[in-house]
Amino acid sequence: MHDDGYFDEAVATQYDRDTAAAEHDPIPSIVALLAELAGQGQALEFAIGTGRIALPLAARGVSVAGIELSRPMIERLRAKPGGETLPVRVGDMAKTRMPGEFTLVYLVFNTINNLVTQDAQIACFENAAAHLAPGGAFLVEVGVPPLQRLPLGETLLAFERSERHWGVDEIDVVSQRFTSHHLRLRDAGFERQSIPFRYVWPSELDLMARIAGLKLVERWSGWMKQPFTNTSTRHISVWRKPAM
């Protein structure tokens with residue numbers, strides 16, 4: 001798991017703006033689906049960050065808690081209206097436990113890739129399953145590895161080319177590791193950041209879920225439940241814990 005050095009005060013300050021620019025869907029669409037899955041129970045967000053999803057979800061009446069490794073991100077959450085009341089534990093989402101039983105655990109915006117080993121990703125599924133009530137759901141939003149766009153033998157793939165942001169992934173197809181290189185135009189000039197990740201296939205996630213005792217029930221290409229196809233660039237997948 002990344003330490004909070006990758007998500008320090010400078011990153012936390014800009015995180016909401018940067019994420020909003022990259023997000024495919026409006027937050028109300030995301031929150032509506034999460035609220036549907038949570039039902040009358042509690043929801044737990046792994047990597048709650050600045051609360052960009054948790055706070056609107058709580059505003060809909062869902063009881064929300066979170067786990068977050070970065071203290072600067074938590075400080076940003078606490079500074080927002082309602083953020084001071086959300087239960088949040090500092091720690092690694094693959095290991096840290098939050099008291100209580102939840103009908104929904106969710107992990108959005110490619111954050112499963114922040115766990116840079118397969119063992120850590122499996123541990124994340126096991127931790128999610130340990131938090132879930134019988135019949136509860138674990139939701140993950142993550143991109144489909146873009147290897148169809150990578151020419152044979154090449155390692156670099158641009159994913160963003162705008163006036164204020166250049167993004168290039170440096171991909172190792174042997175280890176499934178990749179590094180996202182960002183060059184952003186800020187008020188004080190250009191800022192560079194490189195963050196390591198591990199990409200993971202949908203079928204691999206299904207096996208991780210099976211190891212954790214969960215079963216796939218839904219897979220969509222978007223928050224409006226669009227069908228997942230062979231050309232989808234991301235997926236929102238839901239696995240359930242067996243009801244007792």
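The values are calculated or read from the model by the stated rules, or taken from the named source; none is laboratory data. Remember, it's a predicted structure, so these values are computed and weren't measured experimentally. When we count neighbours, we look across all protein chains shown, and the Cβ atoms used for this are built from the backbone with ideal geometry, even at glycine. In case anyone asks, the SASA skips ligands and DNA or RNA and just uses the protein heavy atoms, side chains included. Shrake-Rupley method; radii C 1.70, N 1.55, O 1.52, S 1.80 Å.
Helical content of the chain, expressed as a calculated mean residue ellipticity at 222 nm, amounts to -8000 deg cm²/dmol (DSSP H runs of 4 or more residues, -39,500 (n - 2.57) each, divided by residue number, nearest 500). Taking all protein chains together and rolling a 1.4 Å probe, H181 ends up with roughly 40 Å² accessible.
Using a 1.4 angstrom probe with every protein chain in place, what is the largest-first accessible-area order of F109, F228?
Working: F109 50, F228 75 Å².
Descending order: F228, F109.
Amide H contacts of V88 (H built 1.01 Å from N, in plane; Pro and chain starts excluded): G66 sit under 5 Å, all sequence-distant by 5 or more or on other chains. For the chain, the antiparallel share of DSSP beta bridges with both residues in that region comes to about 70%.
Projecting label points 7 angstrom from Cα along Cα→Cβ for F190 and L157 puts them 2.4 nm apart. Remark: region 59-148 carries a charge dipole of roughly 280 debye about the Cα centre, counting +1 on each Lys and Arg Cβ and -1 on each Asp and Glu Cβ. Think of the chain as having a plus end and a minus end, set by charges on the Cβ of Lys, Arg, Asp and Glu; of H131, T50, W201, H131 sits farthest toward the positive end of this dipole.
Please state the charge dipole magnitude for the chain, taken about the Cα centre, from unit charges on C-beta atoms (+1 on K and R, -1 on D and E), reported in debye and rounded to the nearest 20. Present the calculation step by step, with values, prior to reporting the outcome.
On the way: 25 positive and 29 negative charges, 101 e Å.
Dipole about the Cα centre, nearest 20: 480 debye.
Excluding same-chain residues fewer than 8 positions from K215, which lysines have a Cα within less than 28 Å of its Cα? Here the lysines satisfying the reach criterion relative to K215 are K95, K225, K241. With Cα atoms as the point set, the radius of gyration and Dmax of region 49-93 evaluate to 9.6, 27 Å.
Considering only the Cα atoms of region 154-244, their convex hull presents on average a projected area of 8.9 nm².
The alpha carbons of region 60-123 stretch over 36, 28, 21 Å along the principal axes, in descending order. Principal axis analysis of the Cα atoms in the chain yields extents of 49, 40, 31 Å, listed in decreasing size.
With the Cα gyration tensor of region 125-193 giving a ≥ b ≥ c as the square roots of its eigenvalues, does the rule (a/c under 1.5 for rounded; else a/b larger than b/c for prolate; else oblate) give rounded, prolate or oblate?
Values: a/c = 3.03, a/b = 1.59, b/c = 1.90.
In terms of gyration-tensor shape, oblate.
Here's the picture: charge each Lys and Arg Cβ at +1 and each Asp and Glu Cβ at -1 in the chain, and of L150, V173, V217 the one pushed furthest to the positive end of that dipole is V217. In terms of its C-alpha gyration tensor, region 31-172 comes out prolate, because a/c is 1.5 or above and the ratio a/b outweighs b/c. In the complete set of protein chains, residue-level accessible area for T231 is approximately 110 Å², probe 1.4 angstrom.
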